[in-house]
């Protein structure tokens, strides 16, 4: 009976409205939490990346070894990808001097390569197919690339042209409107067009990260730079509490496999 259930359900959650709400909260938490460790604690991007990479590896191992879908384990692993994505992108863009555009291009290439190899290996990149250790490893590798890309892309769009590294300078509010508008277009396409739902899912999943990045920056960056200058610690704690509330007060089911 357990075998039949594993064949029907995947190890990741059903994609619903609450899924996207928690995902945006998680990506915003990834920005404030990553900045809290690398900046507020003055540990730097490299040390921060090492800390969060270790947490990410441990979380993925626990997630893969779990026999069925567990909302808490899943979302903790998502948080781990967003935090390591934040510090890793900042290290590449700023410490290594690759720049926002260069970092975004490299990470986009890595993301597309991950999806391509996943598809060629297993024949699908659909979320409801994530039920085996191999598909889960592809899933989490792809997510890590998408979270890192989102940080670099969000910084590129929001930060000013005269800053180092230079960005488009659209500000946090303008950037949030752009990424939010793009997500609205994807939602419309989901209900009004015949575009592959798998393609639209990954497009939305990728875009929620830069949206969370610019919202996170808006919360904790100095007022002089267009932010609210909130404490990174309190902002992170509040976002985490909201995530927990959404996880425990709403029902979560694993994604059903479609044969």
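Worth a mention:
- Only helices (runs of 4 or more DSSP H) whose full extent lies in the range 1-102 are considered here, and the ones with at least 2 residues that are surrounded by 18 or more Cβ atoms within 10 Å (Cβ to Cβ) and modelled with pLDDT under 95 are 17-35, 44-65, 71-90.
Quick grid of which residues meet (1) modelled with pLDDT of 90 or more; (2) part of a helix (DSSP H, G or I); (3) touching a strand residue (DSSP E or B) at 6+ places or on another chain (Cβ under 9 Å); (4) within 17 Å of residue 30 (Cα to Cα):
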site: 199; (1), (2), (3), (4): yes, yes, no, no
site: 202; (1), (2), (3), (4): yes, yes, no, no
site: 209; (1), (2), (3), (4): yes, yes, no, yes
site: 212; (1), (2), (3), (4): yes, yes, no, yes
site: 215; (1), (2), (3), (4): yes, yes, no, yes
site: 236; (1), (2), (3), (4): yes, yes, no, yes
site: 239; (1), (2), (3), (4): yes, yes, no, yes
site: 248; (1), (2), (3), (4): yes, yes, no, no
site: 258; (1), (2), (3), (4): no, no, no, no
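- The set of residues from the range 117-135 being touching a residue at least 40 places away in the same chain (Cβ under 8 Å), crowded, with 18+ Cβ neighbours inside 10 Å and in a helix (DSSP H, G or I) comprises 127, 128, 129.
- Residue check, residue 186 buried (at least 16 other Cβ atoms within 10 Å of the Cβ), at pLDDT 95 or above and in a helix (DSSP H, G or I): yes
- For residue 138, the conditions (1) at pLDDT below 90; (2) surrounded by fewer than 22 Cβ atoms within 10 Å (Cβ to Cβ); (3) within 25 Å of residue 52 (Cα to Cα) are fulfilled apart from (1).
The values are calculated or read from the model by the stated rules, or taken from the named source; none is laboratory data. Since this is a predicted model, take the numbers as computed values, not measurements. Cβ coordinates were reconstructed from backbone atoms using ideal geometry, including for glycine residues, and neighbour counts include every protein chain displayed.
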